[in-house]
Amino acid sequence: MKMLLPQDLSTANGMKQQTESKEQDTIAFLQNLQERVGADKFCKAVEKVQSHSTRSGPRFPENIVVSKIPSTTDESLQCGNKVEELFHDNEWQQGSQQIRDAQFRRWGWCCENIDTYVNMLRKSGHSDESISQMIHAGKPLGIPSDTLFREFKRSLQKLKTRLQKDTGWVEVSFALSGSSVCGFSQNSLARDGDVLTLCIRASGVHLLMSELQQCDSNVVLAAPATCTPFVGGLRYYFLQEGGLSLVSSYLLSWYNQWSKTLPGLGLSFSEDSLEIPPWEVPVDELLPLRKREPSNVTDDDDDDDDDDDIPLPTTHSSKRQRV
C-alpha cells in the first residue's frame with residue numbers, strides 16, 4: 001500500500017507527544033468553556049461554526065472566475081513548475097508549529113497570487129474547467145472526469161455504511177488531500193509522484209488505533225497533522241499491506257479495487273472532531289443524500305448493505321502533473 005510515512009520514526013514519535021499534549025490542552029479548554037456558558041449555548045455555537053465552515057472545495061477566496069483570469073506568456077511558468085519549489089522550507093523537520101507555518105505560507109501565497117497559481121496549473125496541462133471544478137466543487141485535479149468522481153463518491157456511501165457497521169464508529173466522513181487535489185504537495189514527507197490521500201474521519205478512530213498500536217507497534221503509525229495555523233492533531237497510517245483488514249475486510253477490498261483506478265491513492269484515519277486545513281476537500285459534504293421509502297428494514301437487515309459488492313469504477317485514463 002502506498003502511504004505518506006515519516007522517514008524518521010523517532011522524530012514522528014516526538015512530534016506525536018507534542019501534538020497529544022496540545023490536543024489535551026484544547027479539550028480541557030473546550031470542556032471549561034462548556035461549563036462556563038452552559039451546554040445549550042455551547043452546542044449552538046459549535047453548530048454555527050460548523051455551518052460556516054461547510055464547503056465543497058478548498059477554502060480559496062470567493063468569487064474566483066477562472067475563465068476570466070488572463071493567460072500569461074511568462075516563460076518562467078513552464079510545465080512542471082511546483083508551488084512548493086517557490087519556497088525553501090528548511091524547517092520541515094524542526095517541529096509541528098514550523099511545519100504548519102510553512103504549509104500556511106504556501107497556501108497564503110496561492111490565495112494572494114491566484115492568477116499566477118491558475119496559470120501554473122494551466123501550464124501543467126489542466127483545463128480551465130478542471131481548475132474551476134477543483135476550486136468550487138472540490139473535484140481533485142488528479143481525477144480525470146466528472147463521471148469517475150461521481151463513481152468514487154458513490155462508493156464512499158457504501159464504504160461509510162460498512163465502516164459504521166463493522167467498527168461501531170459514528171460520524172463517519174471523508175476528506176481528500178495530496179498533490180492530486182490542488183496540484184501541489186503540502187506534506188513534508190510526501191513521496192515522488194502524484195498523491196491522493198483519502199482521510200477516513202470518525203468518532204472512535206483514536207481508540208481503535210491506540211489498541212492496535214498496543215498490540216503491535218509495527219502495524220499503525222500515528223503522525224502529526226495540521227488542522228489550523230496553530231492547532232494540530234493526529235492521523236493514523238497502516239504500515240503493513242493487510243492492516244486495513246483489521247478495521248474492515250470491506251475496506252481492504254474497496255482499497256484494492258480503487259487503488260487500481262486511482263494510482264497514488266492512500267488512506268489515513270483521524271477523529272472526526274479534528275478540523276481539516278483549507279487545502280483539503282471534505283468529500284462528505286459532496287455526497288448526495290439517498291432517499292429511502294419507509295420499510296420494515298432493521299439495522300441487521302439493510303437493503304443492500306450486507307453484501308460485499310463494491311461499486312466498481314469504469315475504466316478511465318489518467319494523466320496528471322503537479323504544479
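The values are calculated or read from the model by the stated rules, or taken from the named source; none is laboratory data. Just so it is clear, the model here is predicted, and its values are computed rather than measured. Neighbour counts run over all protein chains shown; Cβ positions are idealised from the backbone, glycine included. When the accessible area is computed, the model is the full protein with side chains, heavy atoms only, and any ligands, DNA or RNA have been set aside. Shrake-Rupley method; radii C 1.70, N 1.55, O 1.52, S 1.80 Å.
Sorting Glu275, Glu151, Glu62 by accessible area (1.4 Å probe), largest first, what list results? Intermediate values should be presented prior to the final figure.
Numbers: Glu275 90, Glu151 15, Glu62 160 Å².
Result, largest first: Glu62, Glu275, Glu151.
Given points 7 Å out from each Cα along the Cα-Cβ axis, report the Asn218 to Ser56 separation in nanometres with one decimal.
4.7 nm
Quick one: Karplus J couplings for region 172-181, per residue in order, coefficients 6.51, -1.76, 1.60, θ = phi - 60°, nearest Hz, x for Gly and Pro?
6, 8, 9, 9, 10, 9, x, 5, 6, 7
Mind listing the long-range amide H neighbours of Ser268? Cut-off is under 5 Å, sequence gap 5 or more, other chains count too, H placed in the peptide plane at 1.01 Å from N.
Leu198, Cys199, Ile200
With θ set to phi - 60°, apply the Karplus curve 6.51 cos²θ - 1.76 cosθ + 1.60 along region 202-217 and write out the HN-Hα couplings as whole Hz, x wherever there is a Gly or Pro.
6, 7, x, 4, 4, 4, 5, 5, 5, 5, 5, 5, 5, 6, 7, 5
Can you compute the modelled spin-label distance between Gln31 and Trp109, with each label point 7 Å from Cα toward Cβ, in nm?
Each label point is offset 7 Å from its Cα along the Cβ direction, giving 4.2 nm.
Rolling a 1.4 angstrom probe over the protein chains, ignoring ligands and nucleic acids, what is the accessible area of Glu211 in square angstrom, nearest 10?
90 Å²
For region 242-255, in order, what is each residue's ³J(HN,Hα) by Karplus, 6.51 cos²θ - 1.76 cosθ + 1.60 with θ = phi - 60°, in whole Hz (x at glycine and Pro)?
So the J values, rounded to whole Hz, are x, x, 4, 5, 5, 8, 6, 5, 5, 4, 4, 5, 4, 5.
Efficiency by 1/(1 + (r/R0)^6): what FRET value for Ser210 and Thr73, r their Cβ-Cβ distance, R0 = 41 Å, to the nearest 0.05?
0.15
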